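Participant: One structure follows; several queries about it will come next.
The values are calculated or read from the model by the stated rules, or taken from the named source; none is laboratory data. All values reported here derive from a predicted model rather than from experimental measurement. Cβ placement follows ideal geometry from the backbone for every residue including glycine, while neighbour counts extend to all protein chains displayed. In case anyone asks, the SASA skips ligands and DNA or RNA and just uses the protein heavy atoms, side chains included. Shrake-Rupley method; radii C 1.70, N 1.55, O 1.52, S 1.80 Å.
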Amino acid sequence: MSSTSDLLDLKAQPQSSADWRRDAKVISLVTVAHFVSHVHGMLLPPIFGEVKEAFGVSYTEIALAITAFNVMSVLLQTPAGFLVDRIGPRTMLTGGLLLGGVSVVMAALLPGYWTFVIAYALLGIANTVYHPADYSILSSAIDGKRIGKAFSIHTFAGYIGFGVTPAFVIGIAAIWGWHGAFLAAAILAFAAALLMMVAGHILPKAVRRPQLAASEKKVQKVGLDLLLSGPILRNLLFFLCLGMANGGIQTYTVVSQQALHGTPASVANIGLSAFLLMSALGVLLGGVIADRTPHHERVAAIGFAFTATMAFLMGWFAMPSGVLILVMSVGGLLNGMIQPSRDMMVRAVTPAGSFGKVFGFVSTGLNIGGMVAPLTFGWLMDHGQPQMIYAIVIAFILLALVTAITRKKPQGTPAWTR
């Protein structure tokens with residue numbers, strides 16, 4: 001009898017080990033793509049001034065490129081989510097990486113300000129695939145007991161992409177100019193696409209759908225009804241607030257600190273990198289917390305309180321360099337801690353087979369914020385009102401906090417746990 005039990009244990013152990021290895025490979029591939037997408041999203045802010053001077057335009061005009069990026073993401077990310085659910089996330093993810101690489105090459109090599117804006121619009125189309133494809137893959141392929149950690153590692157890779165990009169861009173631009181920095185970012189995208197083609201067989205080719213006897217038209221109607229339901233729209237608003245708040249911090253920290261307090265660009269860039277890198281560490285901490293508590297709104301409340309405090313200090317106090325970097329580091333850590341709980345709140349109200357469309361839809365909130373924030377904050381910079389950037393950031397952080405703590409917890413067992 002004991003020998004039989006031992007044999008069963010031996011059989012179970014390799015299977016568990018194989019599951020861990022498979023999950024690790026899936027997470028690794030998805031996080032590589034997410035890293036590249038965030039490098040592309042952060043390319044312009046560190047060299048805003050240099051690119052602005054190269055085209056001879058204002059802050060508002062150069063911010064139009066970022067707005068074009070986000071307009072395309074807003075318009076096409078939800079349709080991209082439907083495509084992810086229909087044809088599978090692997091194909092969409094590979095295509096997005098290739099289009100992203102081509103777009104960045106266009107921005108670097110083709111002449112003219114409007115060509116640059118068009119290239120950024122194409123980069124926005126490429127950006128539409130990442131959130132729906134990534135979250136669809138993770139939600140479909142990763143064991144539910146590890147999903148919080150999987151989300152956190154995925155988001156961690158994005159923040160690392162944000163965090164290393166300022167140094168990456170400034171370092172390369174110092175040698176080969178901003179054109180060289182853009183080309184290096186394009187090479188990253190092409191390398192990731194090649195990796196996806198070679199090793200992506202482990203990723204799901206098609207998304208698991210609920211077994212419903214319904215026509216295609218009826219399924220589409222159910223999908224639209226789902227996206228317009230109260231819990232999903234609340235998450236859309238939550239993401240929009242995050243997009244507005246993060247858009248102010250990530251895009252305008254360097255120039256606003258210079259204008260407000262005379263902070264050297266090198267110090268402000270270190271502070272920005274510290275914020276982003278500590279956000280990445282906070283995401284890992286948040287992933288552990290998200291798997292251990294159902295009270296995700298409490299995690300968000302703590303993180304938002306510290307992030308709002310950071311924005312207030314940056315807007316109204318001229319801090320010494322070391323203090324500024326410390327404040328942004330702590331704010332980044334707590335800001336990152338929110339992110340896995342944010343994703344778990346969305347997943348809790350998403351039925352199986354709809355992860356692509358739902359995550360694609362709510363993620364447009366980030367892009368709506370990213371569309372409005374650059375022009376709004378750029379206009380404030382052009383009109384000598386950098387302090388108002390921080391006032392608006394704080395307002396959206398507080399609105400996001402209210403959205404999180406007043407949410408209704410889903411009743412029953414979520415479809416993805418069955």
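Participant: Just the residues that are surrounded by fewer than 20 Cβ atoms within 10 Å (Cβ to Cβ), assigned to a helix (DSSP H, G or I) and of a type in the set (Gly, Ala, Ser), please, taken from the range 361-410.
Facilitator: Selection gives Ala391, Ala395.
Participant: List pairs: first in the range 285-304 and of a type in the set (Val, Ile, Thr) and open to solvent by 60 Å² or more (accessible area, probe 1.4 Å), second assigned to a helix (DSSP H, G or I) and at pLDDT 80 or above, Cβ under 7 Å, 6+ apart or cross-chain?
Facilitator: Ile302/Leu334
Participant: Going residue by residue through the range 59-67, is there one that turns out to be assigned to a helix (DSSP H, G or I), closer than 30 Å to Ile270 by Cα and at pLDDT 85 or above?
Facilitator: Among the residues of the range 59-67, at least one is assigned to a helix (DSSP H, G or I), closer than 30 Å to Ile270 by Cα and at pLDDT 85 or above, which makes the answer yes.
Participant: Here are some conditions: (1) crowded, with 24+ Cβ neighbours inside 10 Å; (2) under 23 Å from Phe69 (Cβ atoms); (3) modelled with pLDDT of 75 or more. Met328 meets all but one. Which one does it not meet?
Facilitator: Tallying (1) crowded, with 24+ Cβ neighbours inside 10 Å; (2) under 23 Å from Phe69 (Cβ atoms); (3) modelled with pLDDT of 75 or more, Met328 fails exactly one: (2).
Participant: Looking at the structure I just gave you, is Ala191 part of a helix (DSSP H, G or I) and either within 30 Å of Lys25 (Cβ to Cβ) or modelled with pLDDT under 70 (or both)?
Facilitator: Yes; evaluated as a whole, the condition is true for this residue.
Participant: If I filter the range 331-353 for residues that are in a helix (DSSP H, G or I) and open to solvent by 40 Å² or more (accessible area, probe 1.4 Å), do I get at least one hit?
Facilitator: yes
Participant: Specify which of the listed residues (Ala206, Ala213) is out of contact with any Gly (no Cβ under 7 Å at 6 or more places or on another chain), outside any helix (DSSP H, G or I), farther than 30 Å from Ser321 by Cβ and modelled with pLDDT under 75.
Facilitator: Matching residue, one of Ala206, Ala213: Ala213.
Here is a yes/no grid of residues against (1) without any contact (Cβ under 8 Å) to a residue 24 or more places away in the chain; (2) crowded, with 17+ Cβ neighbours inside 10 Å; (3) closer than 24 Å to Ile289 by Cβ:
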position	(1), (2), (3)
Val117	no, yes, no
Ala121	no, yes, no
Ile125	no, yes, no
Val129	no, yes, no
Ser140	no, yes, yes
Phe156	no, yes, yes
Ile160	no, yes, yes
Trp176	yes, no, no
His201	yes, no, no
